[in-house]
Amino acid sequence: FLTQFPFAPGSSRIEKWTDGELVQTFEGLSVVTDVIVGSDGNLYAVQMSTGMGDTGWTPDSGSVVQVAPDGTITELASGLNFPYDIAEDWNGVLYVTVNAAYSEADSGAIITLTPEM
C-alpha cells in the first residue's frame with residue numbers, strides 16, 4: 001500500500017493474501033511502488049522515497065529492500081533517485097528503474113542488484 005498524503009515514512013505496508021484471507025502483513029515501509037517475490041522466496045520491495053518535504057518528494061532517498069518471510073527488512077540499495085519498478089532474471093539478478101519520476105527528461109535508467117543467496 002502506497003498510503004496517502006502526507007506519505008509518512010514507515011506507513012506503507014505489504015499484505016499477503018491466500019484464498020481470500022489475509023495471511024501476513026509486512027509493515028514499516030515507505031512509499032512502496034513495486035514488489036516481487038524472488039526465486040529465493042524472499043519479497044523485494046521498491047521504496048520510491050522516504051517521504052515528502054516542503055518542496056515535494058525527497059530526491060535520492062529511494063531504496064530496494066528485501067523482506068524475509070519472518071518480516072525482517074534488509075536494505076539492499078539506498079540513495080536511489082525515485083526508483084519505481086523491479087524485475088528479476090533467471091539468475092536472480094534484480095533490475096530496478098531509477099529516475100522514474102520528477103527527474104530530468106531522458107535520465108531514466110535501469111540498475112542491477114545481485115542479492116546474496
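The rows are residues; the columns are (1) within 24 Å of Ile111 (Cα to Cα); (2) modelled with pLDDT of 90 or more.
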{"site": "Phe26", "(1), (2)": "no, no"}
{"site": "Pro59", "(1), (2)": "yes, no"}
{"site": "Ser63", "(1), (2)": "yes, yes"}
{"site": "Ala87", "(1), (2)": "yes, yes"}
{"site": "Tyr95", "(1), (2)": "yes, yes"}
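Considering only residues in segment 58-68 that are polar (S, T, N, Q) and either touching a Pro at 6+ places or on another chain (Cβ under 6 Å) or not in a loop (DSSP other than H, G, I, E, B) (or both), the one that is most open to solvent (accessible area, probe 1.4 Å) turns out to be Gln66. Among the candidates Gly71, Gly92, Gly79, the residue that is at positive phi, of a type outside the set (D, E, K, R) and in a strand (DSSP E or B) is uniquely Gly79. The set of residues from segment 22-47 being touching a strand residue (DSSP E or B) at 6+ places or on another chain (Cβ under 7 Å) and either exposed (fewer than 13 other Cβ atoms within 10 Å of the Cβ) or of a type in the set (Gly, Ala, Ser) (or both) comprises Leu22, Val23, Thr25, Gly28, Ser30, Val37, Gly38, Ser39, Ala45. Can you tell which of Ala105, Ala8, Ala87 is surrounded by fewer than 19 Cβ atoms within 10 Å (Cβ to Cβ) and not in a loop (DSSP other than H, G, I, E, B)? Sole residue among the options that is surrounded by fewer than 19 Cβ atoms within 10 Å (Cβ to Cβ) and not in a loop (DSSP other than H, G, I, E, B): Ala87. Taking every residue in segment 52-64 that is under 13 Å from Asn81 (Cβ atoms) and free of Cβ contacts under 8 Å to residues at least 12 places away in the same chain and pairing it with any residue that is open to solvent by 50 Å² or more (accessible area, probe 1.4 Å) and part of a strand (DSSP E or B), at least 6 positions away or on another chain, the pairs with Cβ-Cβ distances below 7 Å are Thr58/Met52.
The values are calculated or read from the model by the stated rules, or taken from the named source; none is laboratory data. The model shown is predicted, which means the values in this text are computed figures rather than measured ones. Counting neighbours? That spans all protein chains shown, and the Cβs are built from the backbone with ideal geometry, glycine included. With ligands, DNA and RNA removed, areas are computed over all heavy atoms of the protein, side chains included. Shrake-Rupley method; radii C 1.70, N 1.55, O 1.52, S 1.80 Å.
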